[in-house]
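For reference, the structure discussed in these notes is given below.
Only the coordinates and a few stated rules stand behind these numbers; no lab work does. Fair warning: this is a prediction, and the values are worked out from it, not measured in the lab. Every residue, glycine as well, gets a Cβ built from its backbone with ideal geometry; the counts of neighbours run over all protein chains shown.
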Amino acid sequence: MTDRNDRTAHFGFRDIGVDEKAPMVQGVFESVASRYDIMNDLMSMGAHRFWKDALMDWMRPRAGEHCLDVAGGTGDVADRIRQRQGGSAASGRVLVFDLTEGMLRAGQERFQGRDDLQWVCGNAEALPFEDGSFDAYTISFGLRNVSRPDLALAEARRVLRPGGRFFCLEFSRVVLPILKDIYDQYSFKLLPTLGGLVAGDRDSYQYLVESIRRFPPQEQLEEMMREAGFGRVSHRNMSGGIVAVHNGWRI
């Protein structure tokens, strides 16, 4: 996160200048974009599909809604939203927004020919959309990569209409003591090795593991959401707190 003077940010376990983080994050995801989806399956042993489906079960996307999927990358969550909306052009619209052009290109190739998904490159801290433009905002495994999460949360609230819903699916703090040591060993020893073997980039996956540990726990993120102006804030843990879904409303 950023410090109180808003001059530094975390890049894994390193503290860097706040303006340095976005280009470094772009470098990470440009490097892994072509292997991002297969690495998600390998790293989570397929569990990311369950987590995203659980997000959809809570979100319950409705036909006709205009949804923004920030840090949407290759379109995995956006496609799930469209399926739940019904899939027809009249049933809704989903805009995939991401910092990294390579991730968006991978998504466009994956869903080539789909005109029900829009793709826009930009920074979550300064969304290029008018106030009250969306019915729902999702961000999955992306908030920890933002330089100033407080600004991203404020922007999320700004672009939601009154009554709009915010959902954040993110790696979180393990709440089962018996799981913690196993998860730490798996994360720090296996995942970077897997990243090196499959994606050819051990360092990027080392950063991703470290960024999870620097991300605030569930209760702290809830407080950040309230400070950004969200109401009816809550969260649900999954897989013993390895991930959590946070929800808030634009009151």
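At a Cα cut-off below 24 Å, give the lysines reachable from Lys180, other chains included and same-chain residues fewer than 8 away excluded.
Here the lysines satisfying the reach criterion relative to Lys180 are Lys52, Lys189.
Over segment 17-135, what is the mean sequence separation of C-alpha contacts under 8 Å (at least six apart), divided by residue count, expressed as relative contact order in percent? The partial results should precede the final answer.
Details: 153 pairs, mean separation 31.1, N = 119.
Over segment 17-135, the number comes to 26 percent.
Counting Lys +1, Arg +1, Asp -1, Glu -1, what net charge surrounds Trp249 among other residues with beta carbon under 9 Å of its beta carbon?
+3
Within 10 Å of each candidate Cβ there may be at most 15 other Cβ atoms; applying that plus a DSSP loop requirement, which trypsin sites (Lys or Arg not before Pro) in segment 1-102 survive?
Sites meeting the loop and neighbour criteria: Arg4, Arg7, Arg62.
Please state the relative contact order of the chain as a whole percent: Cα pairs under 8 Å, 6+ residues apart?
21
Using a Förster radius of 30 Å, what is the FRET efficiency between Arg214 and Ala126 based on their Cβ-Cβ separation? Nearest 0.05, please.
0.85
Hey, what number do you get for the chain at 222 nm if only DSSP H runs of n ≥ 4 count, each worth -39500 (n - 2.57), divided across all residues, to the nearest 500?
On the way: 10 runs with 104 residues, N = 251.
For the chain, the value works out to -12500 deg cm²/dmol.
Here are several values of percent of Cα pairs over 29 Å apart: [x] 34; [y] 31; [z] 24. Which one was derived from the coordinates shown?
[z]
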